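Take a look at the structure below.
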Amino acid sequence: MVGGQAVIEGVMMRGPKLTATAVRDPQGEIQVEANPVNSITERFPILKKPMLRGSVSLVESLIIGMKSLSYSAQMAGEEDEKLTDKELAGTIVFALVLASILFIAIPTGAAKLFHDITEDPFFLNLMEGFLRLAIFLLYIWGISRMKDIRRVFQYHGAEHKTIHCYEAGLPLTVENVQKFSRLHPRCGTNFLLIVMLVSIFVFAFLGWPSLWERIASRILLLPVVAGISYEIIRLAGRSQNAIIQTAIKPGLWLQYLTTRPPEDEMVEVAIESLKAVLPAEEITAGSGEYRKTEEVLVP
C-alpha cells in the first residue's frame with residue numbers, strides 16, 4: 001500500500017521504504033525530496049500488531065506530514081528555511097494541545113448544558129460525542145471555504161486520483177490519473193470521521209466524573225480509539241463487502257469538502273511524488289517518462 005498527504009503546492013507520498021515530497025516551485029519546476037522510512041516498528045516488531053499499529057502510524061504520519069509541510073513551504077517560496085527539529089517538536093505539541101482543547105475539552109465541558117434534560121451519564125457522554133462530531137464537521141466546512149486551503153485540497157484530490165491509478169495497475173500518466181475518483185477509502189478524512197464515531201461508542205460507558213477526569217480519560221484512551229479506527233479503515237481499504245462499503249460512505253461524502261478536482265499540473269506533481277517511492281521493479285516497462293527510483297534516493 002501507498003499513502004499520501006497534500007502539502008503546499010505539492011504532494012507527499014509514503015511507500016514501504018521511502019517517503020517523497022514533490023513541490024512545484026515558483027519557477028514552475030517540480031522539486032522532489034525523498035527520505036527513507038525509519039519506522040519504530042522495524043526496531044520493535046510488536047508495534048506492528050493490530051490495535052498497536054494504529055497509534056504508531058498516527059504519530060509517525062503526523063511527524064512525516066509536518067516535515068513535508070515545512071519542506072513544501074520552503075520550496076514554494078513561502079518560508080526561507082525548513083523547521084529545525086526543536087521547532088518541529090514545538091509545532092506538533094502546539095497542534096496537539098489545540099486539538100485537545102477544540103475536540104476534547106470544549107465538547108466535554110459543553111455537555112453539562114444537557115444536565116437540565118437528564119443526569120444519565122450514558123446520555124451525557126453521547127451528547128458530548130455528538131458535540132465533538134459537530135465541531136469537527138464545522139471545522140472541516142470552515143477551512144474548506146478558505147482560498148489557500150482549497151488549493152491544497154486540489155492537491156489532495158490529485159493524491160487520491162494518483163493512488164487509485166497505481167492501485168488499478170495503469171501507467172501513471174496525467175490522462176490515466178484524471179479518469180479516477182478523487183475520493184479514497186483510506187483517506188485521512190475517513191480516518192478522522194471514524195475516530196469521532198468510535199470515540200462516541202468508547203466514551204459512552206465511562207460514567208460522568210469531574211471535568212478534569214473526563215478530559216484525562218479521553219486523552220488516555222485516544223490510543224485505543226486510534227487503534228480501533230485504524231483497523232476499520234484498513235479493512236475498508238481492502239474489502240469490497242457491501243456492508244463495509246456502505247458503512248464508509250459518510251467518510252467518502254465528507255471528502256467532497258476536503259478534496260477538489262485537480263488541475264493537470266497538480267496531477268503531474270502527485271505522479272512525480274509517487275514514482276519517487278515506488279520500487280524500481282514496479283515502474284512500468286517501456287514508459288519513457290518514468291523516472292528510475294534510484295535517481296531520487298537520498299544521497
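The values are calculated or read from the model by the stated rules, or taken from the named source; none is laboratory data. Everything numeric here is computed off the predicted structure, so don't read it as measured data. Cβ coordinates were reconstructed from backbone atoms using ideal geometry, including for glycine residues, and neighbour counts include every protein chain displayed.
Of all residues in the range 53-80, which are surrounded by fewer than 17 Cβ atoms within 10 Å (Cβ to Cβ) and more than 22 Å from Tyr155 (Cα to Cα)?
Within the range 53-80, Val59, Asp80 qualify.
Could you list, in sequence order, the residues of the range 44-67 that are under 19 Å from Val225 (Cβ atoms) and not in a helix (DSSP H, G or I)?
Of everything in the range 44-67, those that are under 19 Å from Val225 (Cβ atoms) and not in a helix (DSSP H, G or I) turn out to be Lys49, Pro50, Met51, Leu52.
Filter the range 17-32 down to the residues that are touching a residue at least 40 places away in the same chain (Cβ under 8 Å) and either part of a loop (DSSP other than H, G, I, E, B) or not small (Gly, Ala, Ser) (or both) and list them by number. First the steps, then the outcome.
Restricting attention to the range 17-32, the residues satisfying the condition of being touching a residue at least 40 places away in the same chain (Cβ under 8 Å) are 17-26, 30-32.
Of everything in the range 17-32, those that are touching a residue at least 40 places away in the same chain (Cβ under 8 Å) and either part of a loop (DSSP other than H, G, I, E, B) or not small (Gly, Ala, Ser) (or both) turn out to be Lys17, Leu18, Thr19, Thr21, Val23, Arg24, Asp25, Pro26, Ile30, Gln31, Val32.
Of the numbered conditions (1) more than 21 Å from the chain's Cα centre (by Cα); (2) more than 17 Å from Ala134 (Cα to Cα), Gly188 satisfies every one except a single condition; which is it?
Looking at each condition in turn, Gly188 falls short on (1).
Within the range 142-160, work out how many residues are surrounded by 15 or more Cβ atoms within 10 Å (Cβ to Cβ) and outside any helix (DSSP H, G or I).
0
Out of curiosity, is Leu52 closer than 22 Å to Trp212 by Cβ, in contact (Cβ under 8 Å) with a residue 60 or more places away in the chain and aliphatic (A, V, I, L, M)?
Working: closer than 22 Å to Trp212 by Cβ: no; in contact (Cβ under 8 Å) with a residue 60 or more places away in the chain: yes; aliphatic (A, V, I, L, M): yes.
Answer is no for this residue.
Hey, does the range 288-297 have a residue that's surrounded by 21 or more Cβ atoms within 10 Å (Cβ to Cβ), modelled with pLDDT under 95 and under 29 Å from Arg150 (Cα atoms)? If you could, list the steps in order and put the result at the bottom.
Looking only at the range 288-297, we keep the residues that are surrounded by 21 or more Cβ atoms within 10 Å (Cβ to Cβ), and these are 293.
Filter again for modelled with pLDDT under 95, leaving 293.
With the extra rule that they be under 29 Å from Arg150 (Cα atoms), the set shrinks to none.
Checked against the condition, which is being surrounded by 21 or more Cβ atoms within 10 Å (Cβ to Cβ), modelled with pLDDT under 95 and under 29 Å from Arg150 (Cα atoms), the range 288-297 yields no hits at all.
Select, from His184, His164, the only residue that is free of Cβ contacts under 8 Å to residues at least 60 places away in the same chain and within 29 Å of Ser68 (Cα to Cα). Give the steps one after another, and end with the answer.
Numbers: His184 fails: free of Cβ contacts under 8 Å to residues at least 60 places away in the same chain.
None of the other options fit; the residue is His164.
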